[in-house]
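Heads up, the thing below is written out as structure tokens.
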Amino acid sequence: MKATAKSPANIAFIKYWGKTDLKTRIPKNNSISMCLSDMFSVCTVEFRKDLKKDEVEFKGEKIVKKRELERIIKTLDRVRKLGKTSLRARVTTENNFPKATGIASSASGLSAVTVAALGALNIKMNTKELSSLARLASGTAGRSIPDGFVEWVKGSEETESYSKQIFPVDWWEICDVVAVVTKKMKKVSSTEGHKLAETSPFYKERLKGMEKKIIRIKKAMRERNFSKFGRIVEDEALNMHAICMTSQPSIIYWSETTVKIIKEVMRWREEDLESYFTIDAGPSVHVICEKKQAQKIKKRLLKVKGVERAVVNNPSTGARLLA
Ligand code: DP6
């Protein structure tokens, strides 16, 4: 009754920000993302008769933060219900990148827990069911289930809000070069941020433009039109952060280094190198480029003061059980 799963982080080109239902994590709008090859979580779940309660370790240390622990236990509870068991589990999990700095650690971490727990109980599900179940743990976790380029269809009911592949892994050779800016965990979690979205006077306007934006970005992806695609990605990131900044109270996820990178990416584009930035709920910056430019971008990012690491990601497969 033991299984190990590996699941990627994902970067959203069109963001999930704001929910119709907080508990079931039904989002206000569809979102579009890509699974990342070099930023992932690995999680082992073992259900055991000798355990009185669930034991959860992150990188060999017990998780003490109540909120983090509860999310994992709730995920196990959902799987236990499906497997009709009350056995407690031992969970060991780790990421190859820092948590809660804008690199979707909840996406990879909680999708890995979901897949490993199902595997341990030998429960089989299709991608739609699986992404819908992972979504309940963390919205973005559902997007780490399918391979490649993904759309999360908002749906209106719990089982109709799921993620699906829109283009396969090898559709387009683009990269996400992630500039890891800090190891410190962010002050306002994305779960809290989602709740504040509607307090921004601009939120309604954001939602009004969403459907058209999604049609436009999918067309750019279908045509592999990088310039068109990149402009939408960057515009969308600024749109989401404008909502954060004008929420009440306001949330500013950026640090000085974030702003420095934004300016650098814009300058490179004017001078000689086409790339576009996007940012999730944290200070790290994702620089999206064509594969042929990725190493050059990595080198340049490492020269920016405050950048701790730069990781080149290709499009990748989604969550998998490891043999
Ligand atoms: C800013 O999935 O972390 O990364 O559902 O409350 O766990 P919860 O939120 P989470 O949302 C993060 C959203 C984002 C944008 C995106 O990836 O779409």
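Taking the Cα centre of the chain as reference, the dipole from Cβ charges on Lys and Arg (+1) and Asp and Glu (-1) amounts to some 580 debye. Annotation: amide H-H contacts under 5 Å for Asn29 (H modelled 1.01 Å from N, sequence separation of 5 or more, or interchain): Trp17. As I understand it, the dipole of the stretch 40-115 uses +1 on the Cβ of Lys and Arg and -1 on the Cβ of Asp and Glu, about the Cα centre. Which of Thr93, Phe40, Ile73 lies farthest toward its positive end? Result: Ile73, furthest along the dipole toward the positive end. Derived from the Cα gyration tensor, the three semi-axes of the equivalent ellipsoid of the stretch 156-266 are 25, 21, 15 Å, largest first. Summing Cβ point charges (Lys, Arg +1; Asp, Glu -1) relative to the Cα centre of the stretch 174-244 gives a dipole of roughly 140 debye.
Here the stretch 43-77 is scanned for amide nitrogen atoms under 17 Å from the site 7 Å beyond the Cα of Met1 along Cα-to-Cβ, giving 44-56, 73-77.
Note on the chain: helix-only mean residue ellipticity at 222 nm, from DSSP H runs of 4+ residues weighted -39500 (n - 2.57) and normalised by residue number, equals -12000 deg cm²/dmol.
Label separation (Glu290 vs Arg267): 2.4 nm, computed from points 7 Å beyond Cα along the C-beta direction.
At the listed q of 0.08, 0.20 Å⁻¹, the Debye profile of the stretch 2-170, built from one uniform point per Cα, gives log10 I(q)/I(0) equal to -0.21, -1.33. Considering only Ser284, Ala294, Ile243, and ranking their Cα positions along the charge dipole of the stretch 174-313 that arises from unit charges at the beta-carbon of Lys, Arg, Asp and Glu, the one farthest toward the positive end is Ala294. Among beta bridges from DSSP that stay inside the stretch 2-170, the antiparallel ones total about 90%. Taking max minus min of the alpha-carbon positions on each principal axis, the chain gives extents of 63, 39, 39 Å, largest first.
Over all distinct Cα-Cα pairs of the stretch 239-280, the Kirkwood formula returns a hydrodynamic radius of 11.4 Å. Hydrodynamic analysis of the stretch 9-104 uses the Kirkwood radius over alpha carbon pairs. Inserted into Stokes-Einstein at 20 °C and 1.002 mPa s, it gives a translational diffusion coefficient of 138 µm²/s. Entry comment: accessible area of the chain is 46 Å² per residue, from protein heavy atoms only and a probe of 1.4 Å. Farthest towards the positive end of the charge dipole of the chain, among the residues Gly155, Ser189, Phe226, is the Cα of Ser189, using unit charges on the Cβ of Lys, Arg, Asp and Glu.
The values are calculated or read from the model by the stated rules, or taken from the named source; none is laboratory data. Predicted model, so just to flag it, every value in this text is computed and none were measured. For neighbour counting, all protein chains shown are included, and Cβ atoms are generated from backbone atoms with ideal geometry for every residue, glycine included. Note: accessible area is taken over every heavy atom of the protein model, side chains too, but ligands, DNA and RNA are not part of it. Shrake-Rupley method; radii C 1.70, N 1.55, O 1.52, S 1.80 Å.
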